[in-house]
1. Among TRP232, TRP399, TRP261, TRP45, what is the fewest-to-most ranking by other Cβ atoms within 10 Å?
2. State, to one decimal in nm, how far the label point of LEU260 lies from the label point of THR54, with both points 7 Å from Cα in the Cβ direction.
3. With a ≥ b ≥ c taken as the square roots of the eigenvalues of the C-alpha gyration tensor of the range 302-427, please select rounded if a/c is under 1.5 and otherwise prolate if a/b is larger than b/c or oblate if it is not?
4. Please list 3J(HN,Hα) in residue order for the range 95-105, calculated via the Karplus relation 6.51 cos²θ - 1.76 cosθ + 1.60 where θ = phi - 60°; whole Hz, with x for glycine and proline.
5. Just want the ordering: TYR52, TYR411, TYR308, from fewest to most Cβ atoms lying within 10 Å of their own Cβ.
6. For the range 279-420, build the charge dipole from Cβ charges (+1 Lys, Arg; -1 Asp, Glu) around the Cα centre, then report which of HIS323, ALA360, ALA412 sits farthest towards its positive end.
7. Would you mind ranking HIS415, HIS99 by Cβ crowding within 10 Å, fewest neighbours first?
8. What shape does the range 254-315 have by the C-alpha gyration tensor, where a ≥ b ≥ c are the square roots of the eigenvalues, rounded means a/c under 1.5, and otherwise prolate means a/b greater than b/c and oblate the rest?
Amino acid sequence: MAGRNGTGDGGGPGLLAQLRRPPGGAAGRTMLLVVFTDRTGSGVWAAACVLYFTEVERLTAGQVGLLLGIASVAGIAGSPLAGRLAASFGSRPVLIGCHLVRTVALAAVLFCSSFAALLGLVTVTALGDRAARAMEMLFATDVAGDRRSVYRALSRTAMNAGYAAGAGLAALGLAVGTPAAFRALLLADVASFLLSAALVAGIRERQREGRVVAGSDRSAPEAGEGPRPSPWRDGGYLRFVALDCALTIDDAILNVGLPLWLIHATSAPHALVPAFLAINTVLVVAAQLRVSARVRTARQAVGAAPLYGFAVLGCCAAAAAAHGPGPVLASVLLLASSVLVTFAELLRSVVSWELSVALAPERARPEYLGVAGMAQSTEKAAGPLLLTGAVLSTGPLGWLGLGLATTVAAYAQRHFSAARLAAPGPGPVPAAAAAGAAEVPAPSAGSN
């Protein structure tokens, strides 16, 4: 696994060597530790939150669903809000603030019992979660520079390792099953936020090309540049974000669609469900660097976008085919689906990351990446509803429809992104900024 994974340069040091010497040096290494710490806490709370609210706070299943649903929708606003703040204060202070807000809000849950108070606190926590994700992306983009695709691969590895560690810790608390154990799990997540804030605060700022890189993204417009571009008035970038929402559906397929489909529509054994996540975790750790090595520039990201659609289409076709056969064949088809959707995830993580940066003007990058962060927040709120309400309810045809729609969206993303990168001259996003520090010859990649 660590031996010969490719690097951003196409095939150098393996995973462990890259983790020891990541892009960005000490700042990059600390940020990877922050990601691991944060996701460990998130993994603990994700596994325990439903039981905490039902067993400790005595909420009904309907109340828990409403609580988490509203918080998920509200969280969509977190990333653009953080992007706006980062334009004024820099990503480092805003990221520290996000972790501290999450610390206070989630810790306060321990002292509340009314549904209204819990709703407010969980919503604030969700806003902080999504804002922190956007700031991690912005911070890493500046720290890693041209090697951001390599950093993204390492970050994904740290994320998955953190989630796995968190799930393991949660299993211990859930095995005890007492209110005190559930409270301890909540406090573990709180502690992860506090430690993450301390780690980010310890990152030293450094200067590059006249501006702070590790600590701030502030960049005042130079004379003659005019006002900073706004992503909300940039129709081409908003179209990219809208399509990106559709191209993050792999998360809902893996975590909601495949498990429910297996249980309710196939003859595969229910014990197979945990294998989906296990396959995903192993493949992401083993293959993320290799995939990132092949998608290092905006041009390559544009070319890889349709592959995401084909991977999702293959996953959906295999899931649809699992509806009729016996347990063995159904199991094989569903496992194949999990492999294909993981391949889609590997592609999406680097394609979305690279294009969201490359299509944004550098001097307004905080605001643009904040808006780009809405794609995953929106998918997390709407994806499960799409799977349960439209896909699973219509059976195999629903799966095929989802796969075809995703493929069309992937081709549309390729077309519009290529044209935007190729567009010459001044505009909302200049061609030079579209390269976003990547090695992208603008003329050969296509549209807005």
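1. The most exposed by this proxy come first: TRP232, TRP45, TRP261, TRP399.
2. Label at LEU260, label at THR54, 1.6 nm between them.
3. It comes out prolate by the Cα gyration axes.
4. 5, 4, x, 4, 5, 5, 4, 4, 4, 5, 5
5. So the residues, fewest neighbours to most, are TYR411, TYR52, TYR308.
6. ALA360
7. Lowest to highest Cβ neighbour count: HIS415, HIS99.
8. Oblate.
We did not get these values from a lab; they are worked out from the coordinates using the rules stated. The structure presented is a predicted model; accordingly, all values stated were derived computationally and were not measured. Cβ atoms come from the backbone with ideal geometry, glycine included; neighbour counts cover every protein chain shown.
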